[in-house]
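The values are calculated or read from the model by the stated rules, or taken from the named source; none is laboratory data. Keep in mind that this is a model prediction, so the values were computed, not measured. Note: ideal-geometry Cβ built from the backbone for every residue, glycine included; neighbour counts use all protein chains shown. Areas reflect the complete protein model, heavy atoms only, side chains present, ligands, DNA and RNA absent. Shrake-Rupley method; radii C 1.70, N 1.55, O 1.52, S 1.80 Å.
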Amino acid sequence: MSEVNEATMIEKTKTEIWIDKAVIVIAIIMSCYQLLAANFTMLSAEQHINLHIAFSLAIIFLQAIKLTQTKDKARSAFMIILLVASVAAATYIHFNTTRFQMSIGRQPFDKVFSGAVFLVVILIATKMTWGWVIPVISIIALAYGYFGKYMPGIFYHSGLSFSRLITYVTTNFTGVYGMLASVSANTIVLFTIFGGLMEAFGAISTIMDAAMGASTKIRSGGAQVAVISSGLIGSITGSVAANITLTGAVSIPLMKKRGYPSEFAAACEAAASTGGAILPPVMNAAAFIIASWTGIPYIYIVAVGVAPALLYYLGIALSVYIKALKLGDEKVKAELLPQFHKAFGKLAMFVVPIIVLVVLMVMSYSPQKALFIAVFTLIAMGLAIELMDKSNRSPMDSFKKFITKVLSGFESGAKTVAGIAVCMATMGCVVEILTSTGLPSKISQFALSLAGDNLFVLAILVMITCLIFGMGMPSGSAYILAALLGAPALTTFGIPIIVAHFFVFYFAELSALTPPVAIGCLVASGLADAKFLKTCIVSMRLAIGGFVLPFLFLYRPALLLQGQWYETIWAVLMVISFMFSFIIAVEGFFLQKTTAFERVIALVGALCCLLPIYVLDFVGLALVAALIVLHVIRFNKNKVLVRQGAEV
């Protein structure tokens, strides 16, 4: 009996190995195809997106088969059926693309049936990857499309028949094949390949080492590791939870060891990791979605996003620095980190491909062409790193490791984009139904009627919408829904389209810090063994810049380069003054503990700098200057008294 069990276990292990190999091969083939398709036209746009989704479904279902085949035979069999159905539907649609395009307005049985099968497997794959929230929203949207004629008030529309509904979101090559899936198939996938190669060549560990090296240069350096590394790595991974897991494993224990409270350590990591998604040039792929949605060039969106992202991180870094002064945290001793300074040279090699990407975009290369060149620049840098690695015994040994890392990067990139692809396809279904029924414009008019002529009230309504949609959803999906339902109201009010989209984008990302879900705080508090709710409160305080900036986009659009250069400088100065005063008021500390009077000055000064009234700007700056002068005088006087007391 034991021999039978042992043989069965060996057979199961062999099955898992074969599935792993199949996933690796499919993932590598997908990445190779995507890189070729970025430079050469190989299929029609619809067939290209179809193949992209088919690859993604195959990867997701194969991985599910591996996880279930030893534990739940019935579920494993169901996953096999889904895999076969997804491949069959995608293949049938691929070879009938032209005929389906010619039959728009008609719904033959095979067009409806293949579309329905494809839609079902996409929804199931999305549930398996992201949970129930996104598929449920899509199902609600589908139900709304069908039952619209029974809906009251602003929700009424004439309704869509079942066959028309299915073809609308699938085989008419809109919906799951729409703009969002196109962004995934043409741009996001190249970024995930880029990120996969970065990780395979050691960029993440290099960034951590470089951040640790930087921590030896300033006070609060132990905590600044989280700020620096989380921002840089977050711009690569695009996932708040993954970012926290990667960097928090190092930064949180380091902060706790140096005396920072558990909740502060967790909040610092959560706030810094959340900001990775707003940091150019990647911006969690949102820059490409915004560009596709608005028609604004990608490179301009990246340029617009630089100042707010840097201000966000400046606010966190300043909070950490003041906290370090308050706790008496000194510089990390350089001798404790003897190897980390060497990481800066290696880090420079990873910066080269990013510079190449930005330069090419400035030169008006298409995102696909620029990313294609950047990927191969990164591969060249990876080869150079391996050849310079003294641990390799020979050039051939270096080359073998290099090839292994390239294939690993391709595999990682394809696996990462698989979940994103089905999510974008599912959200495309939602976007298509809502836009075809006219609901966004109706909601926009309703929000405007509630707000009246008050932009601030409208902004609050849109902010709440963004934060609600962000509960339990990937930030990209939250942004899409918020942009669909919230941005039109702002643009109708007269807000420039790029300002409106940045407003909803920031709040969609910051939903990772806001309870009750607050996925960023949830993961970080678990790593730090901290209280969840307190971590949320502290993280929102640290990320105050992120919560204030979107409103300032509306009232000080120069922050987003919507104005003259001197207006931008002035707006940046006011944001910095606000954050400085606010942090001192909250912490009750600067060079030493502040008095009650100084905290009042700091709070009033912060408020004056925040309010977009020109006269109050000068009042706020005067109060901030007075705060600094009064505090420094008192600090120096106390130092003299301490010195005199020591002499006595």
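For the residues 158, 138, the requirement of being in contact (Cβ under 8 Å) with a residue 12 or more places away in the chain, among the hydroxyl-bearing types (Ser, Thr, Tyr) and either open to solvent by 30 Å² or more (accessible area, probe 1.4 Å) or out of contact with any Pro (no Cβ under 7 Å at 6 or more places or on another chain) (or both) singles out 138. Just one of the numbered conditions (1) open to solvent by less than 10 Å² (accessible area, probe 1.4 Å); (2) modelled with pLDDT of 85 or more; (3) over 23 Å from residue 178 (Cα atoms) is not true of residue 290: (3). The set of residues from region 366-413 being free of Cβ contacts under 8 Å to residues at least 60 places away in the same chain, among the aliphatic types (A, V, I, L, M) and closer than 21 Å to residue 193 by Cβ comprises 370, 373, 380, 383, 384, 403.
If we scan region 250-271, do we find a residue that is farther than 16 Å from residue 321 by Cα, in contact with a Phe, Trp or Tyr (Cβ under 8 Å, 6 or more places away or on another chain) and either of a type in the set (Gly, Ala, Ser) or open to solvent by less than 10 Å² (accessible area, probe 1.4 Å) (or both)? Within region 250-271 (the criterion being farther than 16 Å from residue 321 by Cα, in contact with a Phe, Trp or Tyr (Cβ under 8 Å, 6 or more places away or on another chain) and either of a type in the set (Gly, Ala, Ser) or open to solvent by less than 10 Å² (accessible area, probe 1.4 Å) (or both)), the answer is no, since none of the residues qualifies.
Quick check on region 68-78: of everything there that is touching a Ser or Thr at 6+ places or on another chain (Cβ under 7 Å) and assigned to a helix (DSSP H, G or I), which residue is most open to solvent (accessible area, probe 1.4 Å)? Per the criteria, the residue is 75. Among the residues here, residue 434 does not qualify as in contact with a helix residue (DSSP H, G or I) (Cβ under 9 Å, 6 or more places away or on another chain) and at pLDDT below 85. The selection criterion, being within 22 Å of the chain's Cα centre (by Cα) and of a type in the set (Ser, Thr, Tyr), does not hold for residue 114. When region 1-23 is filtered for residues that are open to solvent by 60 Å² or more (accessible area, probe 1.4 Å), among the aliphatic types (A, V, I, L, M) and either modelled with pLDDT of 55 or more or in a helix (DSSP H, G or I) (or both), the ones remaining, listed by number, are 4, 9, 10, 17. Return yes when residue 65 is closer than 27 Å to residue 187 by Cβ, touching a residue at least 24 places away in the same chain (Cβ under 8 Å) and in a helix (DSSP H, G or I) and no when it is not. Here the answer is no, as residue 65 does not meet what is asked. The set of residues in region 452-467 that are open to solvent by 20 Å² or more (accessible area, probe 1.4 Å) and over 21 Å from residue 275 (Cβ atoms) comprises 452, 453, 454, 455, 456, 457, 460, 461, 464, 465. Applying the selection to region 494-508, what residues are open to solvent by 10 Å² or more (accessible area, probe 1.4 Å) and either aromatic (Phe, Trp, Tyr) or free of Cβ contacts under 8 Å to residues at least 24 places away in the same chain (or both)? Matches in region 494-508: 494 only.
Restrict the check to region 497-517 and report whether at least one residue is outside any loop (DSSP other than H, G, I, E, B), of a type outside the set (Lys, Arg) and farther than 22 Å from residue 288 by Cβ. No, because not a single residue in region 497-517 is outside any loop (DSSP other than H, G, I, E, B), of a type outside the set (Lys, Arg) and farther than 22 Å from residue 288 by Cβ. Contact annotation: residue pairs with Cβ atoms under 7 Å, 6 or more positions apart or on different chains, pairing a residue in region 200-211 that is farther than 14 Å from residue 383 by Cβ with a partner that is among the polar types (S, T, N, Q), are 207/229; 208/229; 208/247; 211/229. In a residue-by-residue description of region 119-129, the property of being surrounded by 18 or more Cβ atoms within 10 Å (Cβ to Cβ) and over 15 Å from residue 53 (Cβ atoms) applies to no position. Looking at region 98-116, which of its residues are crowded, with 19+ Cβ neighbours inside 10 Å and closer than 12 Å to residue 47 by Cβ? 100, the sole residue that qualifies. Of the listed requirements (1) buried (at least 24 other Cβ atoms within 10 Å of the Cβ); (2) modelled with pLDDT of 80 or more; (3) closer than 30 Å to residue 40 by Cα, residue 182 misses just one: (1).
Listed by first and then second residue, the pairs with beta-carbon distance under 6 Å, at least 6 apart or on different chains, first residue in region 546-564 and farther than 13 Å from residue 458 by Cβ and in contact (Cβ under 8 Å) with a residue 12 or more places away in the chain, second open to solvent by 40 Å² or more (accessible area, probe 1.4 Å) and assigned to a helix (DSSP H, G or I), are 558/567. Return a yes/no flag: does region 418-438 have any residue that is surrounded by fewer than 23 Cβ atoms within 10 Å (Cβ to Cβ) and charged (D, E, K, R). No, because not a single residue in region 418-438 is surrounded by fewer than 23 Cβ atoms within 10 Å (Cβ to Cβ) and charged (D, E, K, R). Is it fair to say residue 296 is in a loop (DSSP other than H, G, I, E, B) and within 17 Å of residue 503 (Cβ to Cβ)? It is true that residue 296 is in a loop (DSSP other than H, G, I, E, B) and within 17 Å of residue 503 (Cβ to Cβ). Once region 355-365 is narrowed to residues that are open to solvent by less than 60 Å² (accessible area, probe 1.4 Å) and touching a residue at least 60 places away in the same chain (Cβ under 8 Å), the residue that is nearest to residue 199 (Cα to Cα) is 357.
Here are 483, 478, 487: which of them is crowded, with 21+ Cβ neighbours inside 10 Å, over 24 Å from residue 129 (Cβ atoms), touching a residue at least 12 places away in the same chain (Cβ under 8 Å) and out of contact with any Leu (no Cβ under 8 Å at 6 or more places or on another chain)? It is 487.
With respect to residue 173, is the statement that it is modelled with pLDDT of 90 or more, open to solvent by 20 Å² or more (accessible area, probe 1.4 Å) and not in a helix (DSSP H, G or I) true?
yes
Of 254, 246, 197, which residue is at pLDDT 85 or above and in a helix (DSSP H, G or I)?
Working: 254 fails: at pLDDT 85 or above; 246 fails: at pLDDT 85 or above.
Result: 197 is the single residue among 254, 246, 197 that is at pLDDT 85 or above and in a helix (DSSP H, G or I).
With the requirement that a residue be crowded, with 24+ Cβ neighbours inside 10 Å, modelled with pLDDT of 85 or more and out of contact with any Phe, Trp or Tyr (no Cβ under 7 Å at 6 or more places or on another chain), what does region 513-529 give you? 513, 520, 524, 528, listed by residue number.
Taken over region 571-616, residues that are crowded, with 19+ Cβ neighbours inside 10 Å, in contact (Cβ under 8 Å) with a residue 24 or more places away in the chain and under 20 Å from residue 456 (Cα atoms) amount to 6.
Taken over region 141-154, the criterion of being surrounded by fewer than 18 Cβ atoms within 10 Å (Cβ to Cβ) and either over 34 Å from the mean Cα position of the chain (by Cα) or not small (Gly, Ala, Ser) (or both) is satisfied by 146, 147, 149, 150, 151, 152, 153, 154.
The helices (runs of 4 or more DSSP H) falling completely within region 374-478 that include 1 or more residues that are farther than 30 Å from residue 140 by Cα and in contact with a Phe, Trp or Tyr (Cβ under 7 Å, 6 or more places away or on another chain) map to 395-437, 455-469.
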